[in-house]
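Here is the structure we will look at, set down as structure tokens.
Values quoted throughout were computed directly from the atomic coordinates according to the rules given, and no laboratory measurement underlies them. Since the model is a prediction, treat every value here as computed from it, not as a measurement. Glycine also receives a Cβ, built like all others from the backbone with ideal geometry; neighbour counts cover every protein chain displayed.
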């Protein structure tokens, strides 16, 4: 059916309406036509590109913004949106070049300043990020959650005093910014201080709250009751939080992950990893990957290893995910990997050096440590393109893991599966299937580390891990919580404390999840 296109003003109103209603698929269809008909109208590019971002198609978003800049070379909104998209795609150098252009045009542009701060966070330069965010704050303290951004940046570098100050400003001065309540709740021990808990419960009575997503506030309240060991109340609010967040999740969740699993099996089912893979001119520096399900201790072991003076921990890097996620869908990519039954050495060499260079953007001198849990999808590629890489696979009691996933707010479209017990079970099944596939194809390659072993015998297990990584022992790894390695994760606050054991068998406090646990047990 041919779409009826109105005038520019009508279309802008309608596209904005579609965007506010999260009707991104309709925007994609209409936006492509509008961009061709009105190539110089900037908002059409922005709405279409941002809609692609919302549905997780960053590469297509980048093409839209690039096309917009071709027609409007100095448009600040296109420059910053493309910079943000490049950051998502881990093109950090390209992102910075665009932001330099934007700042040259207007050094006080608030969107550019926020974008530069977010880029500095991705680069592990939290102090510089704070400077950019504070420049925004000085101009407009209510712009783009800037108070919360400052607070989180301070938290990442262990400046708890400043972090708490800005969190409290966000919580008590901007009552409808309920994301601040969730972030602040992660710093508070409500068994000692229930002031904020009372504030949140009172906030629920505010009629204005009904107009916004209440999920983060429910999660924060649930955490407060969990601290107080009032588990029935905690259960009530965790359930409300997940239901609220899950109500916005699109249908057919995890369809892509299931497809990726089958695609990877198809790519590697006939490849023999046990034979000698000897490709010349390949990235030979050591890399360390920590992977597994979320909430299994990936952040903890990241902080331990990255405390070593020879290691640069980069947190949850997007280097591999940004490249492989879109490319494994392309037959041309698969055809490039192999020549007959053998690896295409030229293509593998170019890929290895290109992705290796992306890691060197963080540091050229130190061993790079990447803790993105989702890299378990790419283990086969890691084995081929990074011959000196080390892989540590985190394991934890599945019931403790699942409770921790369900009882935490992650955010981001790729974590939408965490708001439903049914979807968590589905995701665990996909994860277990792909890990079994890799272990069968590449035996004795992956180091399995149990979270419970690490917690119960920190020093000995840490020494074993460092030995596996080819690193000598350093006492800084034992006192990892005293270092200021920036890390951005829901485990951030816990990663700044000494190891504690209270998270072991934490599932016993949530016996109401029995049906959930029974389904997980079937996957063992």
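Observations, loosely collected:
- Value of [θ]222 nm, deg cm²/dmol, for the chain, DSSP H segments ≥ 4, -39500 (n - 2.57) each, nearest 500: -17500 deg cm²/dmol
- Cα shape, the chain, gyration tensor, a/c 1.5 rule: rounded
- Ranked list, fewest to most other Cβ atoms within 10 Å of each Cβ, for 169, 394: 169, 394
- Each label point was placed 7 Å from the Cα along the Cα-to-Cβ direction; for residue 66 and residue 176 their separation is 3.9 nm.
- Every Cα-Cα pair of the range 44-126 was included, and the share exceeding 15 Å stands at 51 percent.
- Taking the chain and dividing mean pair separation by its residue count, relative contact order in percent (alpha carbons under 8 Å, at least six apart): 14
- Listing 473, 438 from fewest to most neighbouring C-beta atoms within 10 Å gives 473, 438.
- Packing here is the average count of other Cβ atoms within 10 Å per residue, and on that basis the peptides 129-138, 453-462, highest first, run 129-138, 453-462.
- Estimated FRET transfer efficiency (residue 505, residue 332; beta-carbon r; R0 51 Å; 0.05): 0.55
- For the range 118-167: rounded, prolate or oblate by the Cα gyration tensor [a/c cutoff 1.5]: oblate
- Take each peptide in 514-522, 105-113, 238-246, count the other Cβ atoms within 10 Å of every residue, and average; sorted highest first, the result is 238-246, 105-113, 514-522.
- A Förster radius of 41 Å, combined with the Cβ-Cβ distance separating residue 131 from residue 522, puts the computed FRET efficiency at roughly 0.20.
- Cα gyration tensor, the range 242-364 - rounded (a/c under 1.5), prolate or oblate: oblate
- Relative packing of 274-283, 324-333, which averages over residues the other C-beta atoms within 10 Å, highest first: 324-333, 274-283
- Computed over the range 255-521, the percent of Cα pairs more than 25 Å apart is 46.
- Segment residue 463-residue 247, extension gain: residue separation times 0.36 nm, minus the distance between their alpha carbons: 73.2 nm
- Note: relative contact order over the range 255-521, using C-alpha pairs below 8 Å and six or more positions apart, is 30 percent.
- Distance from the range 206-230 to the range 381-420 (C-alpha centre basis), Å: 25
- Centre separation in Å (Cα based) which lies between the range 118-166 and the range 1-59: 32
- Residue exposure sequence - 362, 160, 289, 437 - by fewest surrounding Cβ within 10 Å: 160, 437, 362, 289
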